[in-house]
Each structure stands twice: as structure tokens, then as C-alpha cells.
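Q: Below you will find the structure I want to go over with you.
The values are calculated or read from the model by the stated rules, or taken from the named source; none is laboratory data. Remember, predicted model here, so these are calculated numbers, not experimental data. Virtual Cβ from ideal backbone geometry, glycine too; neighbours counted across all protein chains shown.
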Amino acid sequence: MSSIYDSGKSALDELIEWAEANAVGDKRNEATTRLHLIDKLLIDVLRWPRASIRAEEKAGTGWIDYALGSPATQLIVEAKREGVHFDLPAGVGTGVHKIENLILGDKGKSLREALTQVAEYAARNGVAPAGVTNGHQLVLFIAARMDGVPPLKGRALVFPSLADMRTDFRLLWDNASASGVDSKTLHSTVSLLEAPPPEPLSMHLVNYPGSKRRNSLQSGLDILGELFLEDVTRLEELRKDFLRECYASSGALSQYAEVSKQILRTRYALLNEEDGPDVSPIEGRKGLNQNLTQDMLAAAAARRPIVLLGDVGVGKTTFIQRLVHVDAEELFDKAISLYIDFGSSTTLTRIDSHVVEESIRQLRENYDADIEDASFVEAVHHGALNRFERGVVGRLKEIDPMAYEKEKINLLRRAVEDRAGHLKASLEHLRSNWRRQLVIFLDNIDQRSSEDQEQVFLIANELAQTWPATVFVTLRPETFYRSSRSGTLSGYQARVFTIAPPRADVMLQRRVDFALGQLRATGRLGSFPANVTVDSDSLEAFLEILAENFRSNDSLLSLIDNLAGGNMRLALRFVTGFIGSGHIDTAKMIRIFHESGRYAIPLHEFLRALLFGDGVYYDPQSSPIANLFRISQPDGREHFLMPLILSQAQILGERVGDEGYVSAESLYEFTQNLGFDVEQVANALDYAVEKRLLDTAPRHSGEAPRLHYRITTVGAYTTRVLLAYFAYVDAMLVDTPIVDEQYRKLIKDDHTLPERVTRSEYFRIYLDRQWSKVKDSGLPWRWSETSEKLSADIRRVGRKADPQAWNY
Ligand SMILES: Nc1ncnc2c1ncn2[C@@H]1O[C@H](COP(=O)(O)OP(=O)(O)OP(=O)(O)O)[C@@H](O)[C@H]1O
């Protein structure tokens, strides 16, 4: 058992001794009792950190004595005067008892009143475990329940005296200490484990999530879409053209974001905290940050690496390529540049040897410098050879030339076998003989674990210190930030540049135009893959549709831009997923385009491809879109918890006016005040981070790091826009537990459009009814308003699917 357990136990011994020695009858008033006994019980015995205790919290019309836990309140305790004996019925010993039996009649009055007061507070604040104590006796119970049973009809864990707490210390500890409450032990002690929510429809589908068949036109387009939009960028012979024509400058702010410009602008704000590193953006309004090129020349002398920081998929690799082949082409033409890619080598076991072996390979293949070639080895190590010749063994030359040669070979072999040492010596040799600057890029390490990333940073530092080279390394901000504060990387003063994402719309426009150009200039991509039967006309038509829409279809661009959230790879994947999706009528689109010269892609069509991917049904595991209606407990109000959290985070974040970060405490306080319990909120916050609806970051202003959240465009867009779409709701209701049995029966595995429209309307009405359980005042978001918009969209689709039923 841990030492805090033992020290809690000793503290209880002391408390018992102290209480006996200082017995003053029942004369201590509540404040004194609390001070003397209850504070000690909570802080010294049950080990609640002082900082996590708030005393005298407002509780409706009254006050609650102790709210314990941080950031969320996890336990509430009502203190009674020492003299207020609970008059537990005779024979009630330590253990679990029915509350009704404890509070009967006049004698049970004081306990009844205390428990009722706590239960009211708990219901209002979403805190489930609670206790009532007078410093000697302790009654613990679940004061807010999800199953509809009034709390006073449940059971309680009772300790009739301090001595009883000592006798059953383990029971006390498990149920009332800070760590015990965290593991929800009291729920099982009073045998009241929260029931899971009912199963969503998807659990009853045999073929879930299914696999959507594509027709031959769609599968052909699928392959070609990838070929022209993704693979084309990797072709060596097109590289320069691609980088000139398709590069969208980093840091231009999105025109479509559903979050404030300030939040976009301060993407990497957490790096700028006090005593953080020296950070500046890689590109500004006037193009490339001039400091970068200056630094590049100076860095080798300064012996520190240049760190390029950026979130996943923002374009770090693309930036490097553009720098080398376009922006600083002249400089790089005169340099030896080695590009070590950690992303493509999936079986990488040793990071340092990968750097060495890749460098050797690239010198051989790209610069015709085979550092294992015998004459090259001799040239590199001629100093050592001279010393050898002058040394004792050198005398062999005269008397036994064969032995001399063997010794010399051995010497050189040993030199080459020290791979890293030989490479370093070779690079020095090359630099002074060829008079070329040496630049090394360590890239795509962010696709690996944070330990690997840290190790690469260490290697980058070592290389910068010891090799005659300018070393660039790309990292994710979180890794850099975490490591430079706490771990491995602290102590290194690196030069840091941040890479902000470009505008997704600009990137897509340029990419599609480029793909069209390549397609028209046939032959440059070689022949089409053998399994593709689709003619290039169809692909050309499709790309033209996209090109036109990427210029003028604002709602489509807004969808892609917000849901990609700065990840350009994801934005492209949305588009390639749409081309050739089995969920759209590709032939119809192409036909309309040929007939009228244009086709405006409706938002719901593109959305369907994202919602369903290759499946028949929505699958939260594989779709980039989150289900905001999901619940973790059989509590219908929870359907709205996520939009409420996201809206609150956005309102608070944008109001603060700085960088949009909102403390975990403020989100817990807001939701607990609405009556949601800690588990529900923690669950929602985890899901929000997993689905990129919120970003999370520790903030270090203050002594201990405190968790903060920040709204993302994904979270804002899903809440503000997607929730009101039939296509969204139609997909989500399959994955959403429905707590009302009557409606659960109405929402079935329907496939025809008229049936699905009706089913969505039932779902909407069901949600309206659940919303009536939420206190609708002063909220940052209201389902009732979304529901109205959704109703209009359902009717719009309904009128198409079944005009007779919906034309009212
Ligand atoms: N500035 C840009 N202009 C044009 N295309 C871009 C730009 N940035 C990224 N892209 C495209 O987005 C995709 C991802 O970019 P890239 O691989 O450069 O990102 P990354 O930040 O290196 O990703 P990772 O974090 O996974 O290493 C590529 O297809 C790339 O062509």
C-alpha cells in the first residue's frame, strides 16, 4: 500500500488521540468542529490536497461546506456541529445501510435534513458522491443519480465513529480518499454502478459498418483521383513545376474559419510563453522570413539546429522542398543537402544509424561521392595514414611490404567500420575540397512516437555541434514544447521557426488546376494503371467540376477548410475520397456537367462521402466527422453536452481576446452547474480532443501546469453548421443511443430516402423532448434553435423524397 495510505492511517490515529484528549463535551460549534476535526479528517487522513478544496460554496439558497476535487468537483461534504449526533439507529455499525432506515422519525431528522440539503446541491451541480459528517461520524452516499431513483431511496456507507474508521480504514480510504473517489469506488460499495446507455442501432446491425460497393466508373475515378492529386506530387520530373505552381504560402489566414481570426493567428501561441524559445513564423506577408536564410548560413557556425515547428499535415515537408528547389534554389545548388526522411522507413529501429546510412546512400547516389570507395577512404584519412607511416608499424614498409599493406588496410577498415566517425570525416573532407556548404534535413519524425521525436532532436543537436553542417529538424509543437520545458531538450537553445498552414482553398485550387494540366498534357504521367477502365474524359470532367467549385462554391470550401483544421493532407484526402465515392451519383454529375457546362456540388453530397467513407453506415472510428449526440450514460440531456461544451469554450475563448485557451476548471464548472456529472464531462472532453473538436494544452503561467482547451474550426463548424443538416443527423442516429424506448422503436434500419427522412424527423422530435430537461437560460447554445434549422432541412429533403407527405 502506498505511503500516503499509511500516513493517512497515522493521521487518523493522531486525530483519535487528539479528539479524546481535547474532548469538550458537545460544545464546539460548527466552525470549530470543522476546523479541528473535519479539516484534519479530509486533509490529513483522506489526503485531499488543500488546493483542491473549496469551502462554503453557494448551494442554491444555502451553502455547501466543502467542495472537493480539481478541476472538477468530485465529492461534496456537509459539515454538522459536533453535537449534532446523527442518532444512527441502535445496532448500526460500519457498513452499507439503506438510507431510509437511517433517517426514520424524529431521531433521523437531523441526518435526513443534512442528506436532503446535500442531494439538492448535488443535483444542481452534477456531483454524485457526497458525505455528511460531524467530525466523528461519517455517512457517504450517491447524492445525484442518473437512474431516476431519488438519492434518499438508495444506500449509504456509514462509519459510526472515528474508531470505526480506524478499524475499517481500508474501506474508508477506498471510498472517501482523493484517490478512492477518483476510482468511483463508492458507486460499487453502495452497489450503484451507473448503467450504460442503451445500445445504439448500429449494435443491432449484422452488416455494420458495411462496405459500400463502387461501380466501375467510381473505382476508376478513385484510382485516378489519387494518381493525379497525390502521386503526381512525388514524381521527380515534375517536382519543380509542382512546387512553383501548387505551393500556397504558409500562414495566410483562412477566409472560411468558424473561429475568430485571433484564434487562427495564435495557433502556436503556447510557444511564446515566458522564457520560451525564440520563435518566429517561417513566412510573412512579404514571403520567406529573411532570418531563415541568414540563419542557415550562420547556423553551422553557431552550432545549433534550426527547428521547423508545425502541426500534422500543415506542410512542413512541402516547405522544405519549396525552399530547396525554388525559394533558395541558388543557395542549395551550391550546397550538399541530405534529406533524411523518417516517415517512409516504417521498420526503423535505430534512429542514429538510419541518419548515418541514409546520408551515406544519398552522398553516393545524389553526389557521386562513394565514401566507401578505397581511394576516397584513403583521401579522407590521409592524416591518420601519415601518422601510421611515421609510427612504429610504419617501419614494416621497408622490411615486409605485404605486412605493411595489410596493417594499412586494417587501419582503414577500422576507420570505415566506425560508420558515424567515417561519415563525419568524409563530410569534412567534402566540404573543404568541394567548398560546398552542407545542409541536413531531418524530416517526418512527427509521424513517430514522442520518444523518437525527442531522440531525433538530440541527434540534431549533436550533429549541429559536431558536424560541419546546418541541421534542420521538423517537430510537432507539443513535443518541442513539452521536451524543452521538462525533459530531454531543455538546455538547448535552438532557433525556431513555425510553419502555419496555408489556405486550404488556395492549395486545392492550385492542385486541381495542376492535375488538369497534367492530364491534358497526356503522356507525362505515363500510361494509366492496367486495372483502370475509366476514360480520361470522365476524370477531366470531374476535375473541371472540382476546379469550378473550388473557385466559387463557398459552402463547400467552408466545409473542407473547417473540417481539415489546417491539416492539408486531410483536406486533400477529403477531395480524393469524394472523387470516386460510392455514395455519390458520379455518372449524373458528369452528365449534367457535359450538358450544361457546370455542376455545383451540393454540400450534403460532399458531406456524405466524408460521413460514410467506404462504409454503408456512419462509423465513428473511421469517419473524420464526430458524433456530437453520443452519450455515455442513460441521460438524454447528455446529447447536448458536447455542443454546449464546444460553444462555451468558443465564447469564453473568443471573449478573453488573447489566444482562445479556456481552463479545464471553467468548463467543468459550467457543465457541473448544468447538472452533468464529472464522468460525463470528462468523457466528452476526451472525445472532443480525440476528434479534434478541441485542442488541449498545458499552460505554465503559475506553478503547476494546468490543462487548457481551445476550440478548433472542426468543433465550431460541427456545432454551428453540421448539426442542422439532414445528412448529418441521418448518419449519426445509427450511432446514437436513444434513451426513450418509444422513440428507439421508431428509429430503424431504413434505407429508402422517404423512410430515412421520416426517421430523422422522429430523431429530431426525440431530441426536442430531451432538450426540455435542460435548464434553457443563459446558455451559449440552444438545441431549440438548431432544431428549427434542422426541421427546415428535413422538410427540404422530404419534399424531394416524398412530396405528398412533406408539402405543407
Ligand atoms: N503550402 C502548401 N502548398 C501546397 N500544398 C501543400 C502545402 N502544404 C501542404 N501541402 C500539401 O499537403 C500535403 C501534406 O503536406 P506535407 O507532407 O508537407 O505536410 P507535413 O507538415 O510535412 O506533414 P506531417 O506532419 O505528416 O509530416 C501534401 O500533399 C502537400 O502537397
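Q: Examine the range 20-27 for a residue that is in a helix (DSSP H, G or I), over 38 Å from the mean Cα position of the chain (by Cα) and modelled with pLDDT under 85, and state whether such a residue exists.
A: yes
Q: Now for a different question. Just to be sure before I move on: is Thr576 within 16 Å of the ligand (Cβ to nearest atom), closer than 19 Å to Phe228 by Cβ and of a type in the set (Val, Ile, Thr) in the structure I sent?
A: So Thr576 fits the description; yes.
Q: Can you tell me which of Val616, Val681, Val662 is in contact (Cβ under 8 Å) with a residue 12 or more places away in the chain and part of a strand (DSSP E or B)?
A: Going through Val616, Val681, Val662 in turn, just one is in contact (Cβ under 8 Å) with a residue 12 or more places away in the chain and part of a strand (DSSP E or B): Val662.
Q: Next up: Of all residues in the range 350-366, count the ones that are touching a strand residue (DSSP E or B) at 6+ places or on another chain (Cβ under 9 Å) and surrounded by fewer than 15 Cβ atoms within 10 Å (Cβ to Cβ).
A: Of the residues in that region, 1 qualify.
Q: Right, another one. Out of the residues in the range 229-257 meeting the condition of being closer than 19 Å to Phe550 by Cα, of a type in the set (A, V, I, L, M, F, W, C) and not in a helix (DSSP H, G or I), tell me which one is farthest from the ligand (Cβ to nearest atom).
A: This residue is Ala257.
Q: Could you say which residue among Leu572, Leu556, Leu543 is surrounded by 20 or more Cβ atoms within 10 Å (Cβ to Cβ), modelled with pLDDT of 95 or more and touching a helix residue (DSSP H, G or I) at 6+ places or on another chain (Cβ under 7 Å)?
A: Checking each option against the conditions leaves just Leu556.
Q: Next question. List the helices (runs of 4 or more DSSP H) inside the range 134-228, counting only whole elements, that have at least 3 residues being surrounded by 14 or more Cβ atoms within 10 Å (Cβ to Cβ) and among the aliphatic types (A, V, I, L, M).
A: Because the criterion is at least 3 residues that are surrounded by 14 or more Cβ atoms within 10 Å (Cβ to Cβ) and among the aliphatic types (A, V, I, L, M), the helices (runs of 4 or more DSSP H) in the range 134-228 that meet it are 162-167, 169-176.
Q: Another one. Select, from Ser353, Ser344, the only residue that is over 22 Å from Gln437 (Cα atoms) and either within 16 Å of the ligand (Cβ to nearest atom) or at pLDDT 90 or above (or both).
A: Ser344
Q: Related question: Would you check which residues across the range 123-133 are assigned to a helix (DSSP H, G or I) and in contact with an Asp or Glu (Cβ under 9 Å, 6 or more places away or on another chain) and list them?
A: Asn125
Q: How many residues does the range 323-341 contain that are hydroxyl-bearing (Ser, Thr, Tyr) and either out of contact with any strand residue (DSSP E or B) (no Cβ under 6 Å at 6 or more places or on another chain) or within 16 Å of the ligand (Cβ to nearest atom) (or both)?
A: The qualifying residues number 1.
Q: Take the range 504-514 and flag every residue that is buried (at least 22 other Cβ atoms within 10 Å of the Cβ) and more than 8 Å from the ligand (Cβ to nearest atom).
A: Within the range 504-514, Ala504, Asp505, Leu508, Val512 meet the criteria.
Q: In addition: Which one is farthest from the ligand (Cβ to nearest atom), of the residues in the range 433-458 that are part of a helix (DSSP H, G or I) and modelled with pLDDT of 85 or more?
A: By that ranking, first place goes to Asn433.
Q: Report the residue count in the range 108-133 for those that are surrounded by fewer than 19 Cβ atoms within 10 Å (Cβ to Cβ) and either at pLDDT below 80 or touching a strand residue (DSSP E or B) at 6+ places or on another chain (Cβ under 9 Å) (or both).
A: Of the residues in that region, 2 qualify.
Q: Sticking with this one: Could you please let me know if Ala688 is over 27 Å from Tyr709 (Cα atoms) and either hydrophobic (A, V, I, L, M, F, W, C) or assigned to a loop (DSSP other than H, G, I, E, B) (or both)?
A: No, not satisfied.
Q: Something else about it: Any residue at all in the range 414-429 that is surrounded by fewer than 18 Cβ atoms within 10 Å (Cβ to Cβ) and touching a residue at least 60 places away in the same chain (Cβ under 8 Å)?
A: Yes, some residue in the range 414-429 is surrounded by fewer than 18 Cβ atoms within 10 Å (Cβ to Cβ) and touching a residue at least 60 places away in the same chain (Cβ under 8 Å).
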